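Below you'll find the structure, written out as structure tokens, and then a few comments.
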Protein chains: 2
Amino acid sequence: MVVSLWEFPIFENLMKQMKKSPLILICNDDGYKARGIRELTRVAQSFGEVVVVAPVSGQSGMSHAVTLNHPIRYKTVSVDGEVPAYACTGTPADCVKLALNRILDRKPDLVLAGINHGSNASVSLFYSGTVAAVIEACFNGITAAAFSVDDHDPETDLHTAVQNIPSVIRYLLKQGLPDGTCLNVNFPKGAPEDFKGMKVCRQTIGVWKEEFDQRIDPHGRTYYWLTGAFSNEEPEEDDTDEWALEHHYGAIVPVKIDLTDRVTLEEMKRYGL
Amino acid sequence: MVVSLWEFPIFENLMKQMKKSPLILICNDDGYKARGIRELTRVAQSFGEVVVVAPVSGQSGMSHAVTLNHPIRYKTVSVDGEVPAYACTGTPADCVKLALNRILDRKPDLVLAGINHGSNASVSLFYSGTVAAVIEACFNGITAAAFSVDDHDPETDLHTAVQNIPSVIRYLLKQGLPDGTCLNVNFPKGAPEDFKGMKVCRQTIGVWKEEFDQRIDPHGRTYYWLTGAFSNEEPEEDDTDEWALEHHYGAIVPVKIDLTDRVTLEEMKRYGL
């Protein structure tokens, strides 16, 4: 099966010409040179004016970290031809802050992050710089979605993601999202032939079971590498993002930035603490 | 008003002697030398066996970052006399992972983080390494609470926090928390005379309005410092953590680690995306 990456409905390009183009900011945590952000940039260009502001190098596992103890810099780079692109020495959250406050001349209509090389499903969303970029946009009242592929191989097949991201962007531009909600979208590993479609899911309950790999450096001192394996605590639940990925579906999780547990709140109030 | 930091009910010490002591792991993001973690360590000792595993130096704003690209080390240090204490070169989340997998000989009954110098209310919980330590514990099924004081001054008055943390610990040891929920507790700035009591709250909707301070280095190159001010988007809402702090209350927010927005999930399903 030969799939062109550019089989998008013609109406997006018409829409783009008929009214002021949406401004789309693109970020990631793998750095501006990653394949994933280049593919996302190309996809997004069918929907509006695109600007890329991404880390100068890999920032995986940086979560929502912000750079407070040293200054940051940025420079213009090339990601995809004429798309304005900037590489920033900071974290993904720094990139979004810098874009909104220094680089862009107006508030973007959409912030997209990714395509991340590696799943950000379940609790991995907490560790993810890609998801953090989108949460940062959400703080600022901007519709936003993070895209990831469940494969760390930098040469992984991105066709499934590239073919299905447009329907998510179309939804976001047409329907928007409620204030305080953004999307965490994960695609399964594998070729488009195996892909079963998109599912709207909940975040899986899971945990990374860590192993620290203990080694001795050439000076006789002990050091540790963090390694681990994800443990799905509810593998049978078919409404979860991990189940979707395992069964060759793309998983869309609407993510709230209000973390309040209202049930426990009421219980604690009744207790009188 | 002279307040002793050690006016705790005698029954905790009795409980401690009568049965196996709870194991309490303490972490923070200001580093093991900070005043806040020393005070928290002293408070916690009335409730069980305490072990400190904290960053070797400040890790503010590191969120839930984990150290993937270089190894980490740890060493024994002194925090409060005979309490076993370890300083780790990693992030707060690394500290908790290291403690659970390498340092402790059994799963702790409680993980406490702080006392953080600076508020972690509203969206600041996303940037906070202190809250991340507690969320990491929550992933691992451990009852956990983060404590912060709404003042960055390292010499701030910690009496209000020190006097009120015991009631929270007592609640946690007696009642526990539902799976997937931890606590984010913030105390107001100021002396105990001004303190009005504890309130169980929801997370305030707010955003950091950033300003990038642009400077030129001695080599003629531009660099930027991230600065900003918190903007409370709902200052009149008296059920929020920011309102509580502003009105001299301590704010307890039960925090969920499942970020799924279930209302939007159902809407998106109906839409058929």
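What follows is calculated from the coordinates using simple rules that are stated; it is not laboratory data. Predicted, not measured: the structure shown is a model, and the values here were computed from it. Note: ideal-geometry Cβ built from the backbone for every residue, glycine included; neighbour counts use all protein chains shown.
Largest first and to the nearest Å, give the Cα extent of region A:105-193 along each principal axis.
Principal axes ranked by extent give 36, 27, 25 Å for the Cα atoms.
Determine the gain in length on full extension of the stretch A:R102-A:V263; use 0.36 nm per residue of separation and subtract their C-alpha separation, reporting nm with one decimal.
That works out to 53.9 nm of additional length.
Kyte-Doolittle cut-off -0.5, length cut-off 20 Å along the helix's own axis using Cα: show which whole DSSP H helices in chain B pass.
Passing helices, by number: B:159-175.
Count the lysine pairs in chain A that are 8 or more places apart or on different chains: how many have C-alpha atoms under 25 angstrom apart?
24
To one decimal place, what Kirkwood hydrodynamic radius in Å is obtained for region A:19-130 from all pairs of distinct Cα atoms?
Final number for the Kirkwood radius of region A:19-130 is 13.8 Å.
Taking the Cα centre of region A:136-273 as origin and charging only Cβ (+1 Lys, Arg; -1 Asp, Glu), how large is the dipole, in debye to the nearest 20?
Using Cβ point charges on Lys, Arg, Asp and Glu, region A:136-273 gives about 640 debye.
How large is the dipole of the protein assembly as shown about the Cα centre if only Lys and Arg carry +1 and Asp and Glu carry -1, each at its Cβ, rounded to the nearest 20 debye?
With only Lys, Arg, Asp and Glu charged at Cβ, the dipole is about 640 debye.
Quick one: what does P(r) look like for the protein assembly as shown with 20 Å bins over all Cα pairs, in whole %?
22, 54, 22, 2
Taking 10 °C and 1.306 mPa s as the conditions, I'd like the Stokes-Einstein D for chain B in µm²/s, using the Kirkwood hydrodynamic radius from alpha carbon pairs.
Here the translational diffusion coefficient equals 81 µm²/s.
From the Cα trace of region B:202-273, what convex hull volume per residue do you get, rounded to a whole Å³?
Hull volume normalised by residue count: 197 Å³.
So who's got an amide H within less than 5 Å of the one on B:A113, skipping anything under 5 residues away but keeping other chains? H placed 1.01 Å off N, in plane.
Here B:C27, B:A145, B:A146, B:F147 satisfy the definition.
With viscosity set to 0.692 mPa s and temperature to 37 °C, compute the Stokes-Einstein D of region A:96-143, Rh being the Kirkwood radius across alpha carbon pairs; µm²/s, no decimals.
Roughly 286 µm²/s, to the nearest whole number.
Quick check on chain B: helices-only [θ] at 222 nm, where DSSP H runs of length 4 and up contribute -39,500 (n - 2.57) each and the sum goes over total residues. Nearest 500, please.
-7500 deg cm²/dmol
Of the options A:L172, B:G141, B:F212, report the single residue whose Cα projects farthest towards the positive end of the charge dipole of the protein assembly as shown (beta-carbon charges: Lys, Arg +1; Asp, Glu -1).
Result: B:F212.
If you average the C-alpha positions of region A:226-269 and of region B:212-242 separately, how far apart do those two centres end up, in angstrom?
32
Please get the size of the charge dipole for region B:73-147, origin at its Cα centre, with Cβ charges of +1 on Lys and Arg and -1 on Asp and Glu, quoted in debye to the nearest 20.
220
Output the direction-averaged projected area (hull surface divided by four) of the convex hull of the alpha-carbon atoms of region A:182-238, in nm².
Its average projected convex-hull area is 7.1 nm².
Rounded to whole Å and sorted largest first, list the principal axis extents of the Cα atoms in region B:19-83.
On the principal axes, region B:19-83 reaches 43, 23, 21 Å in Cα extent.
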